[in-house]
Each structure stands twice: as structure tokens, then as C-alpha cells.
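Here's the structure we're looking at; comments come further down.
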Amino acid sequence: MSERDAFLAARDLLHRHRDDYQAARSAFRWPRLERFNWATDYFDPFATGNRQAALRVVRPDGTERARSFAEMADRSTRLARGLERLGAKRGDRLVVMLPNTPELWEVMLAAMKLGVVIIPSTPQLTTRDLSDRFERGQARHIVTDQAGLEKLADLAPSGARVLIDGNARGWSPYESTLDDGPPPAWGETRADDPLLLYFTSGTTAKPKLVLHTHASYPIGHLTTVFWLGLEPGDLHLNISSPGWAKHAWSSFFAPWTAGATIVMYDVARFEPAPLLETVVRVGVTSLCAPPTVWRMLVNQDLAAYPTRLRELISAGEPLNPEVIERVRKAWGITIRDGYGQTETTALVGNSPGAPVKPGSMGRPLPGYRIELLDPLGQPADEGEISVMLGDDTPTGLMAGYLDQPELLVAARAAGAYRTGDVATKAPDGYLTYVGRADDVFKSSDYRISPFELESVLIEHPAVSEAAVVESPDPIRLCVPKAFVVLRPGHEPSKSLAGEILAFVRARVPAYKRVRRLTFAELPKTVSGKIRRVELRAAEQRRGAGATAPGEYREEDFPKA
């Protein structure tokens, strides 16, 4: 059996069992390939003569740019020739900093064909961020647009410099780079050759350099295909910014592996109503969005939008049960939550056809053995989500941290890759997210899950988003404090603070209740994840005795 046939056989097995979780878990085995290049071994053969739309980049005004699979294969090959002519070669590193434009997908395919290592980079990066990518990532080449060019004044990549719009001295225009010469001799791609180098979002520390191979993401995302529930011909829209792992998950590998069309929503400023109108107009069948977007969408009259949606998915951070229920009431479809990291593909998920337990992120996906480990490394009903390794180490795990290779070496020696996230496990195997290991804290010796309290807070009709961290207290050591973002039409006030505190107090045990509250914007990474580390640090700096400006405490409100 060829490498391509082995890959397709594994994909087809999961598709046959898409609605039968237990059968998929039992039957699936990772295809162990020595040589594999997803772009040349899978994508190009699939794209040959294929006029189906591979990509549709749509705008709220109804205009769009589209590429068929055949066009995407041809243009990416021509680009690969051009990049090779400009000096790009196997093993070189290429920064790709583009918005959701068709050229982004062409560059990804072209680099993959050449064996060039891709450093995906969001257009939101600063010059300082870019400098870090060129220095620690040892990048030689870059493809960007005029907006990116403005951030590169003091940076001088030594290799190919390609600009997709406009002209600049020392830069090659994108369309002129496309080369109609004879096909390059692609050379051999080993499955363990490096393919992607991701800089993590840095929610708690300096970004790490996560290295993925031609196996770990292209083959590893078979689990993501299963979780998403995509079928050939689907129109799959994923709300994600380029440069982050979720974009590769749900806007590159998984849809095209399934034979689906990728729909990208191209807009400068996100507004929920135009997105919903676009979903209806385009006929999107599968929608994946982060919790922040879902929380904005439920403020709309969802029932007024007659969609063709079959699958609704959420990822990036845990999704609150209240949001899931409001969407289900409007559309009769249950959002299926899932979990994974930049370091992995989809690890845990609510799969198609399986019961969805409100608040749970589902069960371990095919190909992954997941245990919850306590601090001593023993299985527990509450513990750190850990990928069990050994002879059947899952393909979807990263090759390692480029700047800290000893971390994965230590994980393999210990027999488990520990994610840093804490969850609880029910008797039926469903996992429920608790929080980052460094976000969970104790108050009066009781263990507090920020996510649990945040889920209660956003059930209040005035609350749009919330983050809970520990606040120093002279008696209890620390107490839960909420930072709250209000929905449109609500203004911060003492009376509203008291109402929200009372709302939470009525819904949680006394030892868990939020005792302090501040109305504030939440600090976030460029990928949109809340940086609780900043909120926590500000609380620690102030200490146990002082009240923060604009802070309300439960003692300010005599109990009724």
C-alpha cells in the first residue's frame, strides 16, 4: 500500500464511523508512514481536473474570490517554482504573514511542496514580534502584503521577499513570482521532516516554538476531520485569524482532507449580523467559531436566520453551557465543543452522533489515549489532561519545542505529555475543563475553577465576557475576583455590580462565590485568548489590604 493509500484508508475508516464513536475508537490506527508530503502525495492528485471550489473568500457586500482545487494545485506549483528561483530550498524557513486572502493558501501549499518550513504569522504582529520570529525562528524568506511591509523597516530577510500587493524595492511582486517553467524536482520528503514552526500565543509566558512535521499536522489532523464531522462537498466556515494553529486545523488541513470547500469570512471589523447574513447567503453547512464569537452571536435573533447549517463547532477556549443552550433553542443544533493545543491536533471532542453533555468538552478522540494525572503522575478523576505516550505515541503530537527540546524528551521519559490544563472525568468518560493548571487556585483551602465561575457570570443578561482570578485576602489568603465586560446597552454601576454578585451567590456554594468585581476590558493575546496572568499579577502587586479603583466588594452590599 502506498503512503497516499494508507492515509486515505485511515481517513475513510473514520468517515465510515463518523456517527459511531466507539467503533471509530476501536478500529482506528495511525498510518505510520516513512515518506509523506500532503501537498504532492494527497492534494495534487485529489485536485487534478477537480473544478470544485477549494476556497471561497467572501465579504459582507457579496463579493468573493474563489479558487478551484485544480487552480489551487496549479498556482501553488507555479509559486513553488518561483520561490525556488528566488533561492528557497528544502529546510529553509519562511515567514508567511498574510490576511485571509487566497494567496495565503497557495503559499502554504507551495512551501510544503518545496520542503520549506513555514512560520505562520498573524498580520496583527508587531515589529518586535516579527524580529523574534526572524531571530529565534531563523527565518530567511517572507511573503507578506503592504501592511506587513510597513512593519519590516528594520528587518532584512536574507532570502526571498515576496509582496502580494504593490511594489517595493528589493521585493518580488507575487504574480510575477509565479513561474511557468518545468516542474521542480521536489525531492524526497520524509514524514518526520519539519513542516511548521508555530510561536504559541503566550498567555502566561514568552511564546514557545512548536515544531510540527509532515506527519504530525497533515496526518495528525485526521482526528480533527472526525471531530468536525465534515463530508465531501461541505461548505465549512471557520472564524480564525491566520497565523495560529486553529487556522491550520479548521481552515486548511481538515476541510481539504475531507474534500470540503473552505469558506473564509473576510472583514476588517467583525460584526455578528453580517456574518449570519453571509452564512445564509453562501449556504454554509458547517460553522466553527471561538467562544468569543459565539457569545456575540447569541445576542442576535438567531431564529431569524434560515441557515443550511448541519454542524456547529467551538474551540479555542471552553464554551459556556448557557451559550450552547441558547443556540440549540434557536436553531435546533447543538454546538459540539472540542479541545486541543498548538502542540497537538484535536485531542478531545464531542463527536457527531454522540450525546453532548452540557459543559463537557467530550471524550478522547480516536488515536489518543488521554489520562487525567495528579501531581504524582497517577490517574485521577480530576487532574492534568495528559497524552499517554509509549510504543503507540500519537502522530498528532508535535516533534518538540525548538528552543526547549528537553521538555518533550522529559515527557517521553515520563510516559506522558502533560498539557498544563486541568479537567474532571465523569464515570462515562466525558471530560469537563477546569482551567489552566496555573489558573486554578485555592481560597480558604477550597479549590476554585475560574472557568466554572465565569460560566455562571455570563449567564447574567448584562454580562458579555468575564475572567476570574485570585485576589489576595488577609483572612482567606485569596478570594475569587471577577473582571466583567458588559453587553451593549448596559453601563457599569454599583447597583449592577451588586446585582451580578448576588446572581452568582444564588447559584454557587458559599465557598466558591465571587467576592469582588471590577468592570473592565480584558487583556488578550493577539489570538484572542484572555491573559489572566496580567490580571493576577495586578492583584498580587496591590496586595491584600488595598481596594482597586472601581472595585466592588460583597461587603459593600448588605445581604437582603
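The values are calculated or read from the model by the stated rules, or taken from the named source; none is laboratory data. Being a predicted model, the structure only gives us computed values, none of them experimental. When we count neighbours, we look across all protein chains shown, and the Cβ atoms used for this are built from the backbone with ideal geometry, even at glycine. Protein only, heavy atoms only, side chains kept; ligands, DNA and RNA dropped before computing areas. Shrake-Rupley method; radii C 1.70, N 1.55, O 1.52, S 1.80 Å.
For the reader, a short list of remarks on this structure follows.
Results for (1) in a strand (DSSP E or B); (2) closer than 21 Å to Asp439 by Cβ; (3) at pLDDT below 95, shown as yes or no for each residue.
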site: Val267; (1), (2), (3): no, no, yes
site: Thr278; (1), (2), (3): no, no, no
site: Val293; (1), (2), (3): no, no, yes
site: Thr307; (1), (2), (3): no, no, no
site: Gly316; (1), (2), (3): no, yes, yes
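- A search for C-beta distances below 6 Å between a residue of segment 465-488 that is more than 11 Å from Thr518 (Cα to Cα) and any residue that is among the acidic types (Asp, Glu), counting only pairs 6+ apart in sequence or on different chains, returns Ser471/Glu539; Cys478/Glu470; Val479/Asp473.
- The residues of segment 423-449 that are at pLDDT 90 or above and crowded, with 19+ Cβ neighbours inside 10 Å, listed by number, are Ala423, Lys425, Tyr430, Leu431, Thr432.
- Restricting attention to segment 392-415, the residues that are under 20 Å from His221 (Cα atoms), of a type outside the set (A, V, I, L, M) and part of a loop (DSSP other than H, G, I, E, B) total 5.
- Residues that are among the polar types (S, T, N, Q), modelled with pLDDT of 95 or more, under 13 Å from Val143 (Cβ atoms) and surrounded by 24 or more Cβ atoms within 10 Å (Cβ to Cβ) occur in segment 69-82; there is at least one.
- Per the conditions (1) at pLDDT 90 or above; (2) of a type in the set (A, V, I, L, M); (3) over 20 Å from the mean Cα position of the chain (by Cα); (4) open to solvent by less than 10 Å² (accessible area, probe 1.4 Å), the sole criterion not satisfied by Ala467 is (3).
- Considering segment 151-178, the residues that are of a type in the set (D, E, K, R) and either touching a helix residue (DSSP H, G or I) at 6+ places or on another chain (Cβ under 6 Å) or in a loop (DSSP other than H, G, I, E, B) (or both) include one that is most open to solvent (accessible area, probe 1.4 Å), namely Arg169.
- Flag for Ala185 being within 16 Å of the chain's Cα centre (by Cα) and small (Gly, Ala, Ser): no
- Identity of the residue in segment 207-221, open to solvent by 10 Å² or more (accessible area, probe 1.4 Å) and modelled with pLDDT of 95 or more, that ends up nearest to Val116 (Cα to Cα): Thr213
- Condition check for Arg75: charged (D, E, K, R) and either free of Cβ contacts under 8 Å to residues at least 60 places away in the same chain or part of a loop (DSSP other than H, G, I, E, B) (or both): no
- The residues of segment 508-558 include none that are aromatic (Phe, Trp, Tyr), crowded, with 18+ Cβ neighbours inside 10 Å and part of a helix (DSSP H, G or I).
- Single condition Ala462 does not satisfy, out of (1) out of contact with any His (no Cβ under 6 Å at 6 or more places or on another chain); (2) farther than 19 Å from Gly543 by Cβ; (3) of a type in the set (A, V, I, L, M, F, W, C): (1)
- All positions within segment 380-414 that are without any contact (Cβ under 8 Å) to a residue 60 or more places away in the chain, charged (D, E, K, R), surrounded by fewer than 18 Cβ atoms within 10 Å (Cβ to Cβ) and in contact with a strand residue (DSSP E or B) (Cβ under 7 Å, 6 or more places away or on another chain): Asp381, Glu382
- Annotation: Val409 fulfils all but one of (1) within 22 Å of the chain's Cα centre (by Cα); (2) under 26 Å from Pro375 (Cα atoms); (3) of a type outside the set (Gly, Ala, Ser); the unmet one is (1).
- Residue match in segment 93-102 (condition: over 19 Å from Lys151 (Cα atoms) and open to solvent by less than 10 Å² (accessible area, probe 1.4 Å)): yes
- From the options Leu373, Leu319, residue that is open to solvent by 10 Å² or more (accessible area, probe 1.4 Å) and in contact with an Asp or Glu (Cβ under 6 Å, 6 or more places away or on another chain): Leu373
- When Thr224, Thr257, Thr204 are checked against the criterion of being outside any strand (DSSP E or B), β-branched (Val, Ile, Thr) and either surrounded by fewer than 22 Cβ atoms within 10 Å (Cβ to Cβ) or at pLDDT below 95 (or both), a single residue qualifies: Thr204.
- For Ser493, the stated conditions do not hold, so it cannot be described as open to solvent by 10 Å² or more (accessible area, probe 1.4 Å), closer than 19 Å to Val293 by Cα and touching a strand residue (DSSP E or B) at 6+ places or on another chain (Cβ under 9 Å).
- Test: residue in segment 118-133 that is in a helix (DSSP H, G or I), under 19 Å from the mean Cα position of the chain (by Cα) and crowded, with 21+ Cβ neighbours inside 10 Å: no
- Yes/no for Leu230 being buried (at least 21 other Cβ atoms within 10 Å of the Cβ) and touching a His at 6+ places or on another chain (Cβ under 9 Å): yes
- Flag if Glu454 is outside any loop (DSSP other than H, G, I, E, B), open to solvent by 20 Å² or more (accessible area, probe 1.4 Å) and of a type outside the set (Lys, Arg): no
- Against the criterion of being of a type outside the set (Gly, Ala, Ser), at negative phi and surrounded by fewer than 24 Cβ atoms within 10 Å (Cβ to Cβ), Val263 does not qualify.
- Among residues of segment 227-251 being within 16 Å of the chain's Cα centre (by Cα) and either assigned to a strand (DSSP E or B) or of a type in the set (D, E, K, R) (or both), the one that is modelled with the lowest pLDDT is Lys246.
- Test: residue in segment 20-37 that is within 22 Å of Ile262 (Cα to Cα) and either open to solvent by 10 Å² or more (accessible area, probe 1.4 Å) or in a helix (DSSP H, G or I) (or both): no
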